[in-house]
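Structure record follows, encoded as structure tokens.
The values are calculated or read from the model by the stated rules, or taken from the named source; none is laboratory data. Source: prediction; values computed, not measured. Counting neighbours? That spans all protein chains shown, and the Cβs are built from the backbone with ideal geometry, glycine included. The area values use the complete protein model at the heavy-atom level, side chains included, leaving out ligands, DNA and RNA. Shrake-Rupley method; radii C 1.70, N 1.55, O 1.52, S 1.80 Å.
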Amino acid sequence: MDFDQLRAEMVADLRERGIDDTAVLQAMRTVPREAFVQDEHLEYAYYNGALPLPANQTISQPYVVALMLSALKLQPQFNVLEIGTGSGYAAAVLGHIVRQVHTVERQEALVDYAQTRLQQLGYTNICVHLGDGTLGWPEAAPYDAIVVAAGGPTVPISLRNQLGENGRLVMPVGSYKKQKLQLAWRKPEGGYGQKTLTPVRFVPLIGSEGWDDADQ
Ligand code: SAH
């Protein structure tokens with residue numbers, strides 16, 4: 001398969017769907033998504049949908065990754081936190097755009113999965129951490145932007161508290177199976193602004209400020 005051609009087509013499709021952040025488009029034109037999907041799904045690497053991962057999880061749909069990262073208005077000097085590393089694909093896209101990426105995953109099997117791939121591809125600005133991401137990663141806070149790749153009932157307070165000045169956060173918020181993307185930002189005068197974006201379906205955010213493991 002000509003993955004380079006498929007990747008170019010994916011980016012052209014993202015443009016057609018209205019994604020216009022050139023840093024995001026360029027990063028997605030560069031990151032080999034085929035390196036992050038499981039071998040048995042290789043032929044669907046550039047299909048615009050979510051794909052299965054170990055531990056019953058999924059790699060997010062390219063369009064949703066592009067939409068979430070565009071909403072963060074990323075700048076090269078940013079320190080960014082991702083919750084829900086999964087395959088490591090979105091972390092890799094972030095790694096091309098910003099200075100430093102911290103990504104937290106609760107499933108050890110996926111921490112290994114992502115770390116192996118990110119190392120093989122030579123990323124040096126992405127740290128993968130094992131833990132409950134609903135508590136954020138205070139050691140490297142504050143963050144200029146936070147992206148949560150799993151759906152929760154509310155935006156965890158811990159995450160909001162780890163946003164720096166003018167920091168932006170994007171996260172699916174709603175019920176266990178259906179959510180809407182929420183954008184939140186820290187206002188210079190104090191407090192937070194909030195805006196609801198599009199309906200999405202993400203796997204659940206499970207942790208002390210998310211769903212209980214038993215909620216399913
Ligand atoms: N960004 C990923 C897709 C993530 S899927 C990619 O590009 O492939 C959502 C991930 O969130 C799953 O791997 C799931 O295990 C993880 N997750 C769920 N709750 C979590 C929590 N509290 N902390 C960290 N990771 C969590």
With criteria (1) more than 10 Å from the ligand (Cβ to nearest atom); (2) within 14 Å of the chain's Cα centre (by Cα); (3) within 22 Å of Gln182 (Cβ to Cβ), Ala141 comes up short on (2)
Do we find a residue being open to solvent by 50 Å² or more (accessible area, probe 1.4 Å), within 14 Å of the ligand (Cβ to nearest atom) and among the polar types (S, T, N, Q) anywhere in segment 183-202? no
Kindly indicate whether Ile83 is within 24 Å of Ser158 (Cβ to Cβ) and touching a residue at least 12 places away in the same chain (Cβ under 8 Å). yes
Given the conditions (1) touching an Asp or Glu at 6+ places or on another chain (Cβ under 9 Å); (2) open to solvent by less than 50 Å² (accessible area, probe 1.4 Å), report the number of the one that Met10 does not fulfil. (1)
Can you tell me which residue within segment 102-117, out of those that are under 12 Å from Ile83 (Cβ atoms) and more than 6 Å from the ligand (Cβ to nearest atom), is least open to solvent (accessible area, probe 1.4 Å)? Thr103
Yes or no: segment 18-40 includes at least one residue that is in contact (Cβ under 8 Å) with a residue 12 or more places away in the chain, open to solvent by less than 30 Å² (accessible area, probe 1.4 Å), within 24 Å of Tyr123 (Cα to Cα) and in contact with a strand residue (DSSP E or B) (Cβ under 7 Å, 6 or more places away or on another chain). yes
How about segment 52-73: which of its residues are touching a Lys or Arg at 6+ places or on another chain (Cβ under 9 Å) and of a type outside the set (Val, Ile, Thr)? Pro62, Tyr63, Ala66, Leu67, Ala71, Leu72, Lys73
If I filter segment 47-67 down to residues being part of a loop (DSSP other than H, G, I, E, B) and either open to solvent by less than 30 Å² (accessible area, probe 1.4 Å) or near the ligand (Cβ under 9 Å from one of its atoms) (or both), which single residue comes out as farthest from Gln107 (Cα to Cα)? Gly49
Of the numbered conditions (1) within 14 Å of the chain's Cα centre (by Cα); (2) modelled with pLDDT under 95, Leu183 satisfies every one except a single condition; which is it? (2)
Could you please find all residues in segment 68-85 being within 11 Å of the ligand (Cβ to nearest atom) and in contact with a helix residue (DSSP H, G or I) (Cβ under 6 Å, 6 or more places away or on another chain)? Leu69, Glu82, Ile83, Thr85
